[in-house]
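**Q** Okay, here's the structure, questions in a sec.
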């Protein structure tokens, strides 16, 4: 692991922008201290939002962590402090990217322009597709086709011969607002989602349900559409132990380091929807000679975001475990507690935070310069 | 409710090997023949290849006369149209498939096509065309028809479905399978076309058309209690080695009928997993059967009651 001495004799001072009470910040702080760094300065998102920005010293190495799971931060970003509400994605995106842009100075482990892409599934899809990363076909890639509601959705599905599709809020995360949609002749339809409607408002529930009534599905899509929707072909996923499986692959400094297999009875594999961690050895065995290709694709996806130290790639194994496609790339995809790195990877034996700390020096050496702090500019 | 189930990994005692898709064939080189159960698939959605096309590539590369087990995976648009092309293709290859002993149609999981959306059809021409077949199975009950047949060699018949139409159940029941040792029917629910009633099962329970039957599974049924009650008094039970009433809506009522019926202590196993049996009745079942050496599976699995609007909802294991 890199020691604090690896920075040209100057001790790097770590800073984290996050929600101080959140376990993400705690876990990173613990890992940093254990690795010989001084305890990171924690800059709360709440302060950033209230003050309209934050300043970092030229030698501060700045990590951004998720602004989620904080009612007041949520209220400022999304306009609601109810964490189960689905709406507000567009507002969240505008305010979050603005908040990121209000951070000044320091050496950054992210890139504001890349974050803006990572939190827009339509933009992210286009970046990946243009780089030759296998992705499910999408008519809304890069915002190509407008998706203003149910009528647009059905037209796009028809036009692109896409009877099964995933509909995702452009700025959502953790399956929030996601609908897996199947259609067939004779008006047959089935939507699988965790979204509940109550009093005209949308909530994420912990329960996946099926909708077969077109009117109900249409109302749901129409309610989600104003925040932006992304449409992707539904690739039949591989199974493992009788459950649908996909992979979360953390890529740190260009290398796939940590892999979690997620399995579910449902088309969505998120843990809060009843998904479970699957058996990595079984997944590797199922993929067989295709396994290195799976990791290579994740690294290829991460390479689209060279200014970001670590991304979590959601990789879909197609039925049979021979082909793969990237479903999403997550900027804050490193919350994988107690998981150690792949044998043979640079992160073997390290958790996701230790692996990033070990890769800091190399990343900083190549990081693009950032807008200097106001202080710095004033001194010039 | 469970939506998924795995692909077959073994069939007819042979490990299942997926036949290469067109784009993988070059990468993998020519296949090794024999000793495996081949699964041949197109894509259910947006397929680039017909099922006949996939089979033609298979037939060109593998000595069909050596093939003992075939598994039909997905065929194009299987949620819209039945396996006519599959049936025609296999009928066309009958003179070459001389060693075929095991055949399964529609081994797909819900990510490919959900079980209640699989459109089946009449597969019995395959039974007529392959008199040497010993094992036959299929998944999906939609549009399934099964006119009565006679087959001298068939030892195992499996129908996995969220609902087998009553007419198909009656057709199977009116068939003669003198060699059949294993019958496994996922009866399903009326929501998904499984509309048989317990009287339709009477021929199985009498067993006269199934003189060799040793393993009986009448399960995944919304009328599992009634099925259990009928089984409790069924003549066929005395010669069974295993009985499977799992995956359905089996409650204390059905379990009590089993306890009050003929002795089941001669069974090697009684599978009741996924059930709604209370602790007290479950204990009575254990006391009655386990000392006699019956392997009893009472795992409730994911059988969960829903209480809504004053109504208790109970589900079979596989519906949608």
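The values are calculated or read from the model by the stated rules, or taken from the named source; none is laboratory data. Note that this is a predicted model, so its numbers are computed, not measured. Note: ideal-geometry Cβ built from the backbone for every residue, glycine included; neighbour counts use all protein chains shown.
**Q** In this structure, does residue B:149 turn out to be within 30 Å of residue B:65 (Cβ to Cβ) and within 14 Å of chain A (Cβ to nearest Cβ)?
**A** no
**Q** I need the full set of residues from region B:106-125 which are part of a helix (DSSP H, G or I) and either within 11 Å of chain A (Cβ to nearest Cβ) or in contact (Cβ under 8 Å) with a residue 60 or more places away in the chain (or both), in order please.
**A** Within region B:106-125, B:115, B:116, B:117 qualify.
**Q** Can you tell me which residue among A:210, A:201 is within 14 Å of chain B (Cβ to nearest Cβ) and farther than 20 Å from residue A:119 by Cα?
**A** Matching residue, one of A:210, A:201: A:210.
**Q** Out of the strands (runs of 3 or more DSSP E) lying entirely within region A:117-207, which hold 3 or more residues that are outside the structural domain of residue A:293 (by TED's automatic domain parsing) and more than 26 Å from residue A:335 (Cα to Cα)?
**A** A:179-183, A:189-198
**Q** I've got another one for you. Give the residues of region B:244-301 that are under 23 Å from the mean Cα position of the chain (by Cα), over 22 Å from residue B:181 (Cα atoms) and surrounded by fewer than 16 Cβ atoms within 10 Å (Cβ to Cβ), sorted by residue number.
**A** Within region B:244-301, B:299, B:300, B:301 qualify.
**Q** Still on this structure, please answer the following. Mind telling me which of the residues B:169, B:145 ends up being surrounded by fewer than 17 Cβ atoms within 10 Å (Cβ to Cβ), at pLDDT 95 or above and within 26 Å of residue B:81 (Cβ to Cβ)?
**A** The match here is B:145.
**Q** Which of the residues spanning region B:79-105 are out of contact with any helix residue (DSSP H, G or I) (no Cβ under 8 Å at 6 or more places or on another chain) and within 14 Å of chain A (Cβ to nearest Cβ)?
**A** B:81, B:82
Conditions (1) within 10 Å of chain B (Cβ to nearest Cβ); (2) in contact with a strand residue (DSSP E or B) (Cβ under 9 Å, 6 or more places away or on another chain), marked per residue:
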{"position": "A:188", "(1), (2)": "yes, yes"}
{"position": "A:196", "(1), (2)": "no, yes"}
{"position": "A:218", "(1), (2)": "no, no"}
{"position": "A:226", "(1), (2)": "no, no"}
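**Q** Right, next: Only one of (1) over 25 Å from residue A:310 (Cβ atoms); (2) touching a residue at least 60 places away in the same chain (Cβ under 8 Å) fails for residue A:132. Which number is that?
**A** It is condition (1) that residue A:132 fails.
**Q** May I ask you to list the residues in region B:126-141 that are in contact (Cβ under 8 Å) with a residue 24 or more places away in the chain and either assigned to a loop (DSSP other than H, G, I, E, B) or within 15 Å of residue B:185 (Cα to Cα) (or both)?
**A** B:130, B:132, B:133, B:134, B:135, B:136, B:137, B:138, B:139, B:140, B:141, listed by residue number.
**Q** Return only the number of the condition from (1) outside any helix (DSSP H, G or I); (2) closer than 26 Å to residue B:44 by Cβ; (3) within 17 Å of the chain's Cα centre (by Cα) that residue A:259 does not satisfy.
**A** That leaves (2) as the condition not met.
**Q** Of all residues in region B:277-320, which are in a strand (DSSP E or B) and more than 26 Å from residue B:238 (Cα to Cα)?
**A** Across region B:277-320, the qualifying residues are B:306, B:307, B:308, B:311, B:312, B:313, B:318.
**Q** Additional query: It is to be established whether one or more residues within region B:19-30 are farther than 22 Å from residue B:91 by Cβ, at pLDDT below 90 and in contact with a strand residue (DSSP E or B) (Cβ under 6 Å, 6 or more places away or on another chain).
**A** No, region B:19-30 has no match at all.
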